[in-house]
Amino acid sequence: MAGFSFDATAGASQSTTKPRLIGNDIYTVKYDGAEIQDYQGKVDPTKTYRVLKLKFANEEGVFEHTVFEPTEKDFQRQTTEFNKNGKVEKIEQPSGVESMMLFFKHIIDAFHPNLAAAIDKKEKSITAPDWDKLRKLIIAALEPAIGNESSIKLMKNKNSGDAQFPGFFAGLTKDGKAYIRNNFAGKKLAFTAYEVNAMKAAASAKPSNIEEAFTPDQPKADNLDLDFNL
């Protein structure tokens, strides 16, 4: 009969895979790079989704944010209606592309401030004619920031429970210029009153049907020949 030994398991008894960071918290993290990924849809295998994943990590875990290729609709500003004292009012919102470009600049501001300052002074400009080239340029622009430290604010997705950056972080000034109205990367982050109330409501809510946590693939438009300018 063969004997028993721990030799074969030396150094392998603990997983070295970091868990995902949990939402509804603010973390100090390091920028861990970005990655281009193209994958088939699960609901419709004929569709290919072309995304850019930005990665962040600390000793507690990791967080990835996925940016999808813009659709044709993402270049159009939308209008939101709300009821104020019995009167319906309309507010114009930034387009999906405006929000996306603000997102990239916000990350650059937080993790690569030297480049951010050069962009603000118009000393440097990052332009790309299409989505593929934009993805590559963002990776290259942020490559010197790998290992740089800053803070990020994460919320829990109300359906899946996964961590995500706050939604609807962009707004429009009175003169129609898009801007970041809710900081989620950088120094001195804090939760807004709305976010605090949302976290309290989620904590007291009853568990929902697990099937509701899974959403179908979202259709994305074919690549467009566009001009991006950070």
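Tabulated data
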quantity: Phi to ³J(HN,Hα) by Karplus 6.51 cos²θ - 1.76 cosθ + 1.60 over segment 78-94, Hz, x for Gly, Pro; calculated: 10, 10, 9, 9, 8, 9, 10, 6, x, 10, 7, 10, 10, 10, 6, 10, x
quantity: Segment 19-198 - Rg over Rh from alpha carbon coordinates, Kirkwood radius; calculated: 0.97
quantity: Local electrostatic count at Phe56 - Lys and Arg +1, Asp and Glu -1, tallied over other residues with Cβ under 9 Å; calculated: 0
quantity: Compactness of segment 94-196 - radius of gyration and Dmax, Cα, Å; calculated: 14.6, 43
quantity: All-pairs alpha carbon distance profile, segment 13-112, 10 Å steps from 0, percent; calculated: 12, 28, 31, 21, 7, 1, 0
quantity: Stokes-Einstein D for segment 67-128, Kirkwood Rh over Cα pairs, 37 °C, 0.692 mPa s (µm²/s); calculated: 234 µm²/s
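Coordinate-derived values only; no laboratory data. Note that the coordinates shown come from a computational prediction; the quantities given were computed from them, not determined experimentally. Here the Cβ is made from the backbone with ideal geometry for all residues, glycine too, and neighbour counts use every protein chain on show.
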